[in-house]
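Derivation of every value follows stated rules applied to the coordinates shown; laboratory data play no part. Small disclaimer: the values here were computed from a predicted structure and weren't measured. We place every Cβ from the backbone using ideal geometry, glycine too, and count neighbours over all the protein chains shown.
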Amino acid sequence: KVLEANHSLLNNITEVRTYAHGGSLVKGNRSFIVWDVDFDVKDLGTIKTTEVCIQDWKDGKIIKERFFA
């Protein structure tokens with residue numbers, strides 16, 4: 001259900017003002033990426049936030065990815 005909600009949100013974006021890389025850090029097999037986002041979503045309005053993505057890597061591929069805003 002979470003994936004369905006995320007797809008619904010992404011499919012209803014009407015305008016993106018900012019999607020900017022705010023920095024990143026790699027420690028072992030884990031990377032941390034900061035994104036500054038500002039966009040409009042149909043029926044929800046404006047979303048403006050800083051998002052952190054945490055990625056776990058194995059053999060050069062992402063095996064787990066989480067987002068926090």
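A few notes on this one:
- Between residue 54 and residue 19, full extension at 0.36 nm per residue minus the direct alpha carbon distance yields a gain of 10.9 nm.
- Shape descriptor for region 2-68: Rg over Rh equals 1.04 (Cα atoms; Rh from the Kirkwood inverse mean 1/r).
- Length added when fully stretched, residue 62-residue 40, from 0.36 nm per residue minus Cα-Cα: 5.1 nm
- On Cα atoms only, tilt of 2-11 relative to the major axis of the chain in degrees: 60
- Put a plus charge on the Cβ of each Lys and Arg, a minus charge on the Cβ of each Asp and Glu, and nothing anywhere else: the dipole of region 2-68 about its Cα centre is then about 360 debye.
- Whole-Hz couplings from phi, Karplus 6.51/-1.76/1.60, listed for region 56-69; x for Gly and Pro: 9, 10, 8, 6, x, 10, 6, 9, 7, 9, 10, 10, 10, 10
- Using θ = phi - 60° and Karplus 6.51 cos²θ - 1.76 cosθ + 1.60, couplings along region 28-42 (whole Hz; Gly, Pro as x): x, 9, 10, 10, 10, 10, 9, 10, 9, 10, 8, 8, 10, 10, 3
- Within the chain, the trypsin sites (Lys or Arg not before Pro) that combine a DSSP coil assignment with at most 16 other C-beta atoms in a 10 angstrom radius are 1, 42.
- Under-29-angstrom lysine pairs by C-alpha in the chain, whenever the two are 8 or more apart or on separate chains: 10
- The calculated 222 nm mean residue ellipticity attributable to helices in the chain amounts to -4500 deg cm²/dmol, summing -39500 (n - 2.57) over DSSP H runs of n ≥ 4 and dividing by all residues.
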